[in-house]
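One structure is given here, and the rest of the page talks about it.
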Amino acid sequence: MTAKPQPQPTPLTEPYWAAASQGKLSLQRCTACAVWHHFPVPRCTSCGSDALTFEPVSGHGTVETFTIVHRSFAPGFTGAPYAMAWIALPEQAGLRVFANVTDCLPETVTIGMKVTVWFEQRGDFALPNFRPA
Amino acid sequence: MTPSRFHHAVITGAGCTEFSRESGRSVLELAIEAADLALADAGMERGAIDGMLTYQLGDSVVCATMARSLGLDRLRWHNDIHGGGSQCASILGEAALLIEAGLAETILIYRAMNGRSGKRMGQIGQGAGDGMEEQFLRPYGFLGPAHLCALSSQLYMHQRGLSADDLAELVIAQRAKAAKNPRALLRTPLTRDDYFAAPMIAEPLRRLDCCLETDAACALIVTSTRNAKSAAQGRPIHIRAAVRGGGPGIAAMDKAGADPSAIFSRHVAPLIYEAAGLAPSHIDLLQLYDAYSPLILQQLEDFGFCEPGELHEIVRDGRLAQNGRLPLNLNGGLLSEGYVHGLNNVIEAVTQLQGRAGERQTPGASMALCTGFGGSMGSAAILSVEP
Ligand SMILES: [Zn+2]
């Protein structure tokens, strides 16, 4: 069976995956205007600064929207239905991460559900995922 | 009413190959056939073409190959535009611009694809940005446009209190229209039971909420009004306005600013009405991009054809039917006719405005809205019978 894909970091995103492998959900933040960014950006889209760093977030979140995928062409996802979601983070309005919602039946996932991060080991990487809080 | 933004550009011909799931022919052969059909429809010879535009994502044939194959030796402008469905309406604006500027006189627009037997649209990535985003999506099993749409539609339907019943009504109604379209891939009437028996792909999208990967080519001829007077077989159709735009996130609708349910129409609707100097009340035919059924609901609201609270009603009260006040996707749309990256929906608008749609003709439509979807980026064009 085909393995699920691993992330392929770029210099811009490498700190995100490095933090994940330490068990931390760490997102990019502008040191000039304090705005969070995800996915990572080369320049702050809010103030234009290039002084960006990665800082840990709480790891608590809310399912903003989701889908349960029943038929998938995605490599390694050929079996049971799975839930993919955008998770809204409390640190900033509009700040969200993409993940699977696990550790519950997919059909129990709802918009507004409180979730918390955990890390799935996949090869050399640790993949942030979320489960019911 | 403001006159057309483009004074000299009209659509005078359209052509489509057979729609199938396995053409058994090359994309180039399909493109040539569609081009010749469109030329014949416009009453023109190949040599009249001096401009060429196409768009591509997945299977395609490029302009240089087409020009060589058609034996053209005096092309004055051509362009291979990157992109899929979001281009199907704005490409009319690009053709009109070239004609208004005097850079070309007669433009062939085409889209050719073996979308089922060649490169399947459902299995390719979005091709947007620098590819950096894939590492945050693919490891979670995110792949292709259905997943993108499912995520935004789920939230939109939740916000508006819409259910699978509403989608069922839309899809059943659309199939009924396709029954009158000899070109449509799916013409068998649907029941509610058929709808709910269809396998779930990615909630809320069942298989019947998704367009059909199709092998086909479609082509249009856009020419100057001067040429059109002598050449047109059908009534020349005016391109009143076209826009192409988008909101935050561009192709990645899922992280589009404050509301991840927002699709292109939220951003493009005010732009097209402003560009055309028109209001929703002027429009009497809708050919809305419907690669996934929930997109229709969002566009009906965003383009001002109903209030959010009316959505449940509009799919049931006959307004969108062939003889309704707002006839919608009379070819059966991308869900039932087939999927040639939206250009087939645009061709239906032209055919209807020309009064040549046969059994599926809506009476007296004179102003049509066509749209193209690509996440939070997309396009719209308003076509009309009068200049
Ligand atoms: Zn900043």
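A:THR53 meets the conditions (1) within 13 Å of the ligand (Cβ to nearest atom); (2) over 14 Å from the mean Cα position of the chain (by Cα); (3) within 13 Å of chain B (Cβ to nearest Cβ); (4) not in a loop (DSSP other than H, G, I, E, B) in every case but one. The failed one is (3). If I filter the range B:76-86 for residues that are of a type in the set (Gly, Ala, Ser), crowded, with 18+ Cβ neighbours inside 10 Å, closer than 25 Å to B:PRO236 by Cα and touching a Leu at 6+ places or on another chain (Cβ under 6 Å), do I get at least one hit? The answer is no, given that none of the residues of the range B:76-86 is of a type in the set (Gly, Ala, Ser), crowded, with 18+ Cβ neighbours inside 10 Å, closer than 25 Å to B:PRO236 by Cα and touching a Leu at 6+ places or on another chain (Cβ under 6 Å). Could you list all residues from the range B:55-70 that are assigned to a helix (DSSP H, G or I) and touching a residue at least 24 places away in the same chain (Cβ under 8 Å)? Listed by number, the residues that qualify are B:THR65, B:MET66, B:SER69. Against the list (1) farther than 30 Å from A:SER46 by Cα; (2) at the interface with chain B (Cβ under 10 Å from one of its Cβ atoms); (3) under 17 Å from the mean Cα position of the chain (by Cα), the condition A:GLY112 fails is (1). Does A:ALA34 satisfy the criteria of being assigned to a loop (DSSP other than H, G, I, E, B), within 30 Å of B:PRO204 (Cβ to Cβ) and over 16 Å from the mean Cα position of the chain (by Cα)? No: the conditions fail for A:ALA34. I'm checking my understanding of the structure. Among residues of the range A:56-73 that are within 7 Å of another protein chain (Cβ to nearest Cβ) and either among the aromatic types (Phe, Trp, Tyr) or not in a loop (DSSP other than H, G, I, E, B) (or both), which one is farthest from A:TRP86 (Cα to Cα)? Looking at residues that are within 7 Å of another protein chain (Cβ to nearest Cβ) and either among the aromatic types (Phe, Trp, Tyr) or not in a loop (DSSP other than H, G, I, E, B) (or both), I get A:PHE73.
Would a scan of the range A:62-74 turn up a residue that is within 12 Å of the chain's Cα centre (by Cα) and within 16 Å of the ligand (Cβ to nearest atom)? For the range A:62-74, residues within 12 Å of the chain's Cα centre (by Cα) and within 16 Å of the ligand (Cβ to nearest atom): absent. The number of residues in the range A:1-14 that are under 21 Å from A:ASN100 (Cα atoms) and either in a strand (DSSP E or B) or touching a residue at least 12 places away in the same chain (Cβ under 8 Å) (or both) comes to 8. Scanning the range B:146-171 for residues that are among the hydrophobic types (A, V, I, L, M, F, W, C) and within 20 Å of the chain's Cα centre (by Cα) returns B:ALA146, B:LEU148, B:CYS149, B:ALA150, B:LEU167, B:LEU170, B:VAL171. Among the residues of the range B:316-343, those that are among the polar types (S, T, N, Q) and under 20 Å from B:PRO294 (Cβ atoms) comprise B:ASN329, B:ASN331, B:SER336. Meeting the requirement of 3 or more residues that are more than 14 Å from chain A (Cβ to nearest Cβ) and among the small types (Gly, Ala, Ser), the helices (runs of 4 or more DSSP H) wholly within the range B:140-214 are B:164-178.
The residue that is surrounded by the most Cβ atoms within 10 Å (Cβ to Cβ), counting only those in the range A:14-46 that are polar (S, T, N, Q) and modelled with pLDDT under 95, is A:SER46.
Would a scan of the range A:77-97 turn up a residue that is within 16 Å of the ligand (Cβ to nearest atom), more than 25 Å from B:GLY144 (Cα to Cα) and at the interface with chain B (Cβ under 10 Å from one of its Cβ atoms)? Yes, there is a match, as at least one residue in the range A:77-97 is within 16 Å of the ligand (Cβ to nearest atom), more than 25 Å from B:GLY144 (Cα to Cα) and at the interface with chain B (Cβ under 10 Å from one of its Cβ atoms).
Being out of contact with any Pro (no Cβ under 8 Å at 6 or more places or on another chain) and more than 7 Å from chain B (Cβ to nearest Cβ) is the filter here, so list the residues in the range A:1-14 that pass it.
Passing the criteria: A:MET1, A:PRO11, A:GLU14.
Is there a residue being more than 14 Å from chain B (Cβ to nearest Cβ), within 19 Å of A:PHE98 (Cα to Cα) and away from the ligand (no atom under 14 Å from the Cβ) anywhere in the range A:24-47? Yes, because at least one residue in the range A:24-47 is more than 14 Å from chain B (Cβ to nearest Cβ), within 19 Å of A:PHE98 (Cα to Cα) and away from the ligand (no atom under 14 Å from the Cβ). Restricting attention to the range A:82-133 and to residues that are touching an Asp or Glu at 6+ places or on another chain (Cβ under 8 Å) and not in a strand (DSSP E or B), the residue that is nearest to A:GLU64 (Cα to Cα) turns out to be A:ILE111.
The values are calculated or read from the model by the stated rules, or taken from the named source; none is laboratory data. Because the structure is a prediction, the values reported are computed rather than measured. Cβ: placed from backbone, ideal geometry, glycine included. Neighbour counts: every protein chain shown.
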